[in-house]
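Before any comments, here is the structure.
The values are calculated or read from the model by the stated rules, or taken from the named source; none is laboratory data. Keep in mind that this is a model prediction, so the values were computed, not measured. Please note: Cβ atoms are built from the backbone with ideal geometry, for glycine as well, and neighbour counts cover all protein chains shown.
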Amino acid sequence: MADYDVIVVGAGCAGPAAAKKAAELGMKTLLLEKAAVPGQKNVSGTCLNTAALVDPDLHYLMDGPVEREIREMRTYHIASDRTTAIHEIPAQGILLLSVRRDEFDAWHAEQARMAGATVQLATAVVDILESGGRLRGVITDKGEEHRAGVVIDAGGVNSIVGRRAGLIDRRSGTNMILYVTVNVHLGEEIVDHRFGDCIEYYLSEGIQHKTWPWIFPKREVVTLGTGGYLDDRLISRDFPSVNTYMQNFLDLPVVQKKLEGGRIVAWGLHLEFDEAPDQRVKDGLILTGEAGGFVMPFLGEGMPEAFFTGIYAAQAAAEAIGSGDTTRERLEEKYNELIESNLFMQAFRYLAAANKESILSMEDGEIVSMMQNVVMGGGFITNVLHNRWISGAREENLQPVLEALEFMDFIQPYREIGGDFEQIYRERKKR
């Protein structure tokens, strides 16, 4: 007999979303998290994409703790001959919601508990219970054995469950990005004055390896991040550690001026995996979020995908449990149907794949030069279109050009910043 209908492993982004939805669907649900406070060690940039939050499934996330409402973007292109700063200010609308993971994840886990899920913190999953090729449950570091009809793996890039179940192979190379992140405390008044509601991106040789460094303002701190794809050129004589990229970033004169008087309060490393595993579902198990390869590191995109896949996994699990059939085929059918019907996820997946293809073929100097004429709001989109058009012209092949035109029509809603989100957001805040 199973102790629970659904066990969710991990209380990052996907886990609480899955546990909350499963409980709301009447499933007896257990959420396990190894940290004493969800998100307490996460120092990533962390902004919620409002283009995703307009989806009704994610409206409840607007009720969480928000540090800043981001309305502007500034991009610095620092080349040897000049520095180009492009400041983009949409006429209306909130672009992003800046949050702190140590606060937001704890709030999110509490939403799962309030929905009816049992939440057990400071509990690490160390092994799985499996028989006959079916996942039956998990074993914790406390020696507990918990059984369930379906296990939802939200354990992140280093998921124990996915690895032990044989769905996640060793991850390395250009399917991985290693980020180094730094939190600098400046105080609310200084952050207001120097950054306000604007996030900043930087491109300069020596501060990244095929990525896009950032500064995201919170209420009293700002978060800096940089890093690179784990190819054989990330670490070299000139860059003996990924921390070298961050130090070069901190040493940029324009950055030094912005951080003057601040103090570093956190410095961390974070791995992200941007390649889908061959299989995300097996009998009694569904992978979500980073465990399922839904993150897009180059775009800095992954939280909405985690929320969505957590919710979809819970819906697939509830339907399968209700039918008495929790085989891979039954779980996978519903899970994939929901993912493929999500236009936000499909658009950003295409955008990420096309950008990765072009960026990995360039030297860092070429990337800086290319982006010199690109604004951040449409930068990744422009890169995709530009490369398709150029390749078509060089090869005298109309097909890439037609693909670019088709994609431009498809992505257009995500280039437009409107008041739809802000209206929904304000109405929820009033309540």
Taking into account only those residues within segment 47-96 that are of a type in the set (Val, Ile, Thr) and within 28 Å of Ala17 (Cβ to Cβ), which is surrounded by the most Cβ atoms within 10 Å (Cβ to Cβ)? Thr50
Quick one: is Val182 assigned by TED's automatic domain parsing to the domain that holds Leu285 and surrounded by 21 or more Cβ atoms within 10 Å (Cβ to Cβ)? no
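Considering segment 164-203 alone, what residues qualify as being within 20 Å of the chain's Cα centre (by Cα), of a type in the set (D, E, K, R) and within 17 Å of Phe249 (Cβ to Cβ)?
We begin by selecting, within segment 164-203, every residue within 20 Å of the chain's Cα centre (by Cα); these are 168, 171-183, 198-202.
Checking the rest, the ones that are also of a type in the set (D, E, K, R) come to 171, 200.
Within segment 164-203, just Glu200 meets the criteria.
For every residue, the table says whether it meets (1) touching a strand residue (DSSP E or B) at 6+ places or on another chain (Cβ under 7 Å); (2) of a type outside the set (S, T, N, Q); (3) free of Cβ contacts under 8 Å to residues at least 60 places away in the same chain.
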| position | (1), (2), (3) |
| --- | --- |
| Met176 | yes, yes, no |
| Asn183 | yes, no, no |
| Arg194 | no, yes, no |
| Lys210 | yes, yes, no |
| Trp214 | yes, yes, no |
| Thr223 | yes, no, no |
| Ile235 | no, yes, yes |
Of the conditions (1) within 30 Å of Arg71 (Cβ to Cβ); (2) in a loop (DSSP other than H, G, I, E, B), Val157 fails just one. Which one is it? (1)
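Which is basic (Lys, Arg) and assigned by TED's automatic domain parsing to the domain that holds Gly149, of Lys282, Lys258?
Working: Lys258 fails: assigned by TED's automatic domain parsing to the domain that holds Gly149.
Lys282 is the lone residue from the list that is basic (Lys, Arg) and assigned by TED's automatic domain parsing to the domain that holds Gly149.
Here is a check on your reading of the model: is Gly39 outside the structural domain of Ile215 (by TED's automatic domain parsing), on the phi > 0 side of the Ramachandran plot and at pLDDT below 95? Full working, then the answer.
Working: outside the structural domain of Ile215 (by TED's automatic domain parsing): yes; on the phi > 0 side of the Ramachandran plot: yes; at pLDDT below 95: yes.
In short, yes.
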Looking only at segment 395-431, filter to residues that are at pLDDT below 80 and among the basic types (Lys, Arg); which one of those is surrounded by the fewest Cβ atoms within 10 Å (Cβ to Cβ)? Arg431
Could you please find all residues in segment 124-133 being surrounded by fewer than 19 Cβ atoms within 10 Å (Cβ to Cβ) and either within 28 Å of the chain's Cα centre (by Cα) or at pLDDT below 95 (or both)? Ala124, Val126, Asp127, Ser131, Gly132, Gly133
Could you say whether any residue in segment 296-318 is assigned to a helix (DSSP H, G or I), within 16 Å of the chain's Cα centre (by Cα), touching a residue at least 60 places away in the same chain (Cβ under 8 Å) and at positive phi? no
Leu48 fails exactly one of (1) under 15 Å from the mean Cα position of the chain (by Cα); (2) farther than 18 Å from Phe344 by Cβ; (3) not in a loop (DSSP other than H, G, I, E, B), namely (2)
Out of all the residues in segment 204-245, which are under 24 Å from Glu72 (Cα atoms), over 18 Å from the mean Cα position of the chain (by Cα), crowded, with 19+ Cβ neighbours inside 10 Å and not β-branched (Val, Ile, Thr)? Ser204, Gln208
Taking Arg113 as meeting all but one of (1) in contact with a His (Cβ under 8 Å, 6 or more places away or on another chain); (2) assigned to a helix (DSSP H, G or I), write down the number of the exception. (1)
Test Glu329 against the criterion of being within 30 Å of Met362 (Cβ to Cβ), assigned to a helix (DSSP H, G or I) and not hydroxyl-bearing (Ser, Thr, Tyr), and give yes or no. no
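Listed here are the residues, each with its yes/no results for (1) basic (Lys, Arg); (2) not assigned by TED's automatic domain parsing to the domain that holds Ala17.
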site: Arg74; (1), (2): yes, yes
site: Ile78; (1), (2): no, yes
site: Asp81; (1), (2): no, yes
site: Ala85; (1), (2): no, yes
site: Pro90; (1), (2): no, yes
site: Asp105; (1), (2): no, no
site: Ala115; (1), (2): no, no
site: Leu129; (1), (2): no, no
site: Gly132; (1), (2): no, no
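Just name the residue that is surrounded by the fewest Cβ atoms within 10 Å (Cβ to Cβ) out of those in segment 246-270 that are part of a helix (DSSP H, G or I) and aliphatic (A, V, I, L, M). Steps first, answer last, please.
Step one: of segment 246-270, the residues part of a helix (DSSP H, G or I) are 246-251, 253-259.
Checking which are aliphatic (A, V, I, L, M) leaves us with 246, 250, 254-255, 259.
On the way: Met246: 23, Leu250: 16, Val254: 13, Val255: 22, Leu259: 19.
The extreme case among them is Val254.
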I'd like to check something: does segment 102-123 contain any residue that is surrounded by 21 or more Cβ atoms within 10 Å (Cβ to Cβ) and either more than 27 Å from His270 (Cβ to Cβ) or without any contact (Cβ under 8 Å) to a residue 24 or more places away in the chain (or both)? no
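Of the residues Val161, Val138, Val157, Val150, only one is under 18 Å from the mean Cα position of the chain (by Cα) and assigned by TED's automatic domain parsing to the domain that holds Val8; which?
On the way: Val161 fails: under 18 Å from the mean Cα position of the chain (by Cα); Val138 fails: under 18 Å from the mean Cα position of the chain (by Cα); Val150 fails: under 18 Å from the mean Cα position of the chain (by Cα).
When all the criteria are applied, what remains is Val157.
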Applying the selection to segment 231-287, what residues are touching a Leu at 6+ places or on another chain (Cβ under 7 Å) and among the β-branched types (Val, Ile, Thr)? Val242, Val281, Ile286
